[in-house]
Amino acid sequence: MSELKIALAKGRLLEPSLKIFESLGYDTREVRASRKLVIANHGAKFLNAKPMDVPIYVEYGAADIGIVGQDALRESGVNVYEPLELGYGQCRLMVAGKPEYRDAEWRMIAGLRVATKYPRIAKKFFSARGLSVEIIEVYGSVELAPAVGLADLIVDVVDTGNTLRANGLIELEEIFKSQAALIVNRASHTLRASEIRGLIEKIEKQN
């Protein structure tokens with residue numbers, strides 16, 4: 001059978017994700033040290049990918065499994081299994097804005113604009129509340145958008161809230177809590193059932 005392909009999200013989830021595989025006997029030193037994006041190691045092949053890309057690699061079978069934040073997973077809208085929450089990388093996806101929006105009736109604001117890196121989630125959230133908003137996709141510091149008049153509100157991941165406060169913004173409404181999750185390609189879940197189930201059980205014992 002071919003190597004198990006494992007897609008890992010770069011950034012803050014990478015180190016705790018690597019520790020999981022280290023504890024399972026994989027040597028992950030090259031994954032940490034190398035700039036290679038694909039690294040074969042002890043019967044596995046590790047793929048280093050941007051968080052938003054991990055769900056796509058898993059859905060299309062370029063990776064059998066992956067570890068990614070639930071924020072990126074929900075935004076992607078992919079069709080994969082999500083059998084295990086991993087208990088790290090906790091954060092919240094929030095609506096935030098200037099303090100004057102705390103008590104404002106949002107539906108009464110004409111042309112309400114929302115800046116976000118999560119357009120799918122934002123659209124679903126506001127649509128479910130019967131609010132017609134203009135979603136503006138930005139890919140850098142989302143907190144900048146209200147400060148310069150680009151948007152009234154933002155939808156973004158919040159950890160400590162320090163960046164919001166530093167830019168005169170407050171938390172207005174929580175959309176959902178997010179953490180790292182293990183995801184599995186649906187075909188791999190069937191074709192490599194025993195191998196993947198064994199891996200999940202080993203990870204569960206560690207948590």
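The values are calculated or read from the model by the stated rules, or taken from the named source; none is laboratory data. Note that the coordinates shown come from a computational prediction; the quantities given were computed from them, not determined experimentally. Reconstructed Cβ throughout: ideal geometry from the backbone, glycine too, with neighbour counts over all protein chains shown. When the accessible area is computed, the model is the full protein with side chains, heavy atoms only, and any ligands, DNA or RNA have been set aside. Shrake-Rupley method; radii C 1.70, N 1.55, O 1.52, S 1.80 Å.
Scanning the stretch 158-171 for residues that are open to solvent by less than 40 Å² (accessible area, probe 1.4 Å) and hydrophobic (A, V, I, L, M, F, W, C) returns VAL158, LEU164, LEU169, ILE170. If you filter the stretch 139-162 down to residues that are under 21 Å from ALA110 (Cα atoms) and part of a strand (DSSP E or B), you find that the one that is nearest to the chain's Cα centre (by Cα) is VAL155. Within the stretch 175-198, the only residue that satisfies the criterion of being part of a strand (DSSP E or B) and open to solvent by 70 Å² or more (accessible area, probe 1.4 Å) is LYS177.
Within the stretch 68-91, not a single residue is at pLDDT 95 or above, open to solvent by 60 Å² or more (accessible area, probe 1.4 Å), within 21 Å of TYR26 (Cβ to Cβ) and among the aromatic types (Phe, Trp, Tyr).
A Cβ distance below 9 Å, combined with a sequence gap of six or more or placement on separate chains, defines the contacts here; from the stretch 149-160, residues that are modelled with pLDDT of 95 or more reach residues that are outside any loop (DSSP other than H, G, I, E, B) and exposed (fewer than 14 other Cβ atoms within 10 Å of the Cβ) in the pairs ALA151/GLU134.
Taking ILE135, is it in a strand (DSSP E or B) and either open to solvent by 30 Å² or more (accessible area, probe 1.4 Å) or modelled with pLDDT of 95 or more (or both)? So ILE135 fits the description; yes. Within the stretch 1-52, the residues that satisfy the criterion of being of a type outside the set (A, V, I, L, M, F, W, C), open to solvent by 60 Å² or more (accessible area, probe 1.4 Å), without any contact (Cβ under 8 Å) to a residue 12 or more places away in the chain and more than 18 Å from TYR88 (Cα to Cα) are SER2, ARG29, GLU30, ARG35.
Here LEU112 meets the list (1) open to solvent by 20 Å² or more (accessible area, probe 1.4 Å); (2) more than 17 Å from the chain's Cα centre (by Cα) almost entirely, failing just condition (1).
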